[in-house]
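Q: Here it is, the structure, as structure tokens.
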Amino acid sequence: MTTTIGLVVNPAAGRDIRRLTGGASVSNNYAKRRTAGCVLAGLTLVDDVEVLVMPDNTGLANRIVDDAPDDLGVEFVEMTVTASGRDSRAAAAHFADHADAVVVLGGDGTTRDVAQTIGDVPVVSISTGTNNVVPTPVDGTVAGAAAALVGSGAVPAAEATTRHGTVEVDVVRSEETTVIRGLATVGVLDRPFVGTRAILDPSDIVGGVVSRSSPAEIGLSGIAGGLVTHRPDEPGGVGFRLARDGADGGDGADRTDAPDATDAATGPATTVRAITVPGRLSTVDVAEHRVLDDGEDYAFEVDRGVISVDGEREHEVRNGTVRLRPVTDGPRLVDVEAVLERAADDGRFRLG
């Protein structure tokens, strides 16, 4: 029986301003091509594998297909290329119906786009972005081998994947509601416009909700992680609000007077150290924080601000209410190390 593996390589990942202003790593398209080649090599661990590759407008996908091992059947997904996040979402929607596992090369944004339409297909996420929480640095060959083992059923997906949480957002303005979906972090920023997409100054942060938190992570989840650890496969998340000049949060954003926000107070401000961007250790004052149940709202009133999603400024808000909630319905992420260890225990690497 043929095993079908989807491959998403985002040529735009790893190119934002953080690699110029901080210590973020750089991943150019040559490096992505080499990593993707390693993924394809790793897929040959299992017999009878075919690969569906997301096309792009840079020629990167063409080179990956041209360099593929001869014993792999490799084809492009038939889709319209837009050079935006819609491409990852369209490819993932196709994979949801036609792939047994998917390998994603990109950052948090790429993984988030894939997660929106991938359904229950297991995902191996490889970090090639700049400031990542969800994707991890892993050798492409190892990642490809894990995807092949899970996709073929040699290692059961139920034993080798975890369900990652997400963050839902309702932006309510008069009679209009806009729905946004984040993967690991959604923040409210006191900024008048989107501008530079990356979050560079922690003083811009009003607060937010994260589906995971750890002091070992960068950005909003690292700030929350200075107070409480919340694993990515745990239900719920963490909501927090930073202490700002003036009790009302200035002229930008503030929490609502609704019970879900008012009850969030935890006493005097707590000062924490956090890695807010690569190469920068910041000191921030957290006015309140709260461990949230699955689906529990945490809200802000926003006169003028920006919503950040997984580290990037995405949506401008004026005179609206922003309600954020953690939801346990994210992608099934493959534990690469656990897959390979299980395969070794089953003797799948032994030839005699």
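The values are calculated or read from the model by the stated rules, or taken from the named source; none is laboratory data. Remember, it's a predicted structure, so these values are computed and weren't measured experimentally. Ideal geometry is used to build each Cβ from the backbone, glycine not excepted, and the neighbour counts take in all protein chains shown. Side chains included, ligands, DNA and RNA excluded: accessible areas come from the protein's heavy atoms. Shrake-Rupley method; radii C 1.70, N 1.55, O 1.52, S 1.80 Å.
Q: Calculated FRET efficiency, residue 72 and residue 163, Cβ-Cβ r, R0 30 Å, to nearest 0.05?
A: 0.55
Q: Pulled fully out, how much extra length does the chain show between residue 201 and residue 233, if you take 0.36 nm times their separation in residues and subtract their Cα-Cα distance?
A: Using 0.36 nm per residue and subtracting the Cα-Cα distance, I get 8.6 nm.
Q: With springs connecting C-alpha atoms under 10 Å apart, model the chain as a Gaussian network and identify which of 43, 189, 72 has the largest mean-square fluctuation.
A: Of the options given, 72 has the highest mean-square fluctuation.
Q: Please give the FRET efficiency for residue 175 paired with residue 270, using the beta carbon to beta carbon distance and R0 = 30 Å, rounded to the nearest 0.05.
A: Using R0 = 30 Å, I get an efficiency of 0.20.
Q: Let me ask something additional. Per the 1.4 Å probe, what fraction of the accessible area of the chain, in percent, lies on carbon and sulfur atoms?
A: Carbon and sulfur atoms account for 45 percent of the accessible area of the chain.
Q: If you count the DSSP beta bridges with both ends in the chain, what percent of them are antiparallel, to the nearest 5?
A: 75 percent
Q: Moving on to the next point. Alpha carbons only, please: Rg and Dmax for the stretch 135-220, in angstrom.
A: Using the Cα atoms of the stretch 135-220, the pair Rg, Dmax is 18.2, 53 Å.
Q: Using the heavy atoms of the protein chains and a 1.4 angstrom probe, tell me the accessible area per residue for the chain in square angstrom.
A: Heavy-atom accessible area per residue stands at 42 Å².
Q: As I understand it, the value is the acute angle between the Cα axis of helix 29-43 and the longest principal axis of the Cα atoms of the chain; what does it come to in degrees, rounded to 10?
A: The helix 29-43 is inclined about 50 degrees to the chain.
Q: Can you tell which of 307, 180, 218 shows the greatest fluctuation in a Gaussian network model of the chain with Cα springs below 10 Å?
A: Its mean-square fluctuation being the largest, the pick is 180.
Q: Extension gain residue 216-residue 86, at 0.36 nm per residue separation less the Cα-Cα distance, in nm?
A: 43.7 nm is the gain from fully extending residue 216 to residue 86.
Q: Let me know the charge dipole size of the chain about its Cα centre in debye, to the nearest 20, where only the beta-carbon of Lys, Arg (+1) and Asp, Glu (-1) is charged.
A: Dipole about the Cα centre, nearest 20: 1020 debye.
Q: State, as an integer percentage, the relative contact order of the chain based on alpha-carbon contacts under 8 Å between residues 6 or more apart.
A: Dividing the mean separation by the residue count of the chain yields 19 percent.
Q: Tell me the mean residue ellipticity at 222 nm calculated for the chain from its helices only (DSSP H runs of n ≥ 4, each -39500 (n - 2.57), averaged over every residue, nearest 500).
A: Dividing the helical sum by the residues of the chain leaves -7000 deg cm²/dmol.
Q: Could you work out which residue, out of 296, 217, 78, moves most in a Gaussian network model of the chain, that is, has the largest mean-square fluctuation with Cα springs under 10 Å?
A: Answer for the Gaussian network model of the chain: 78.
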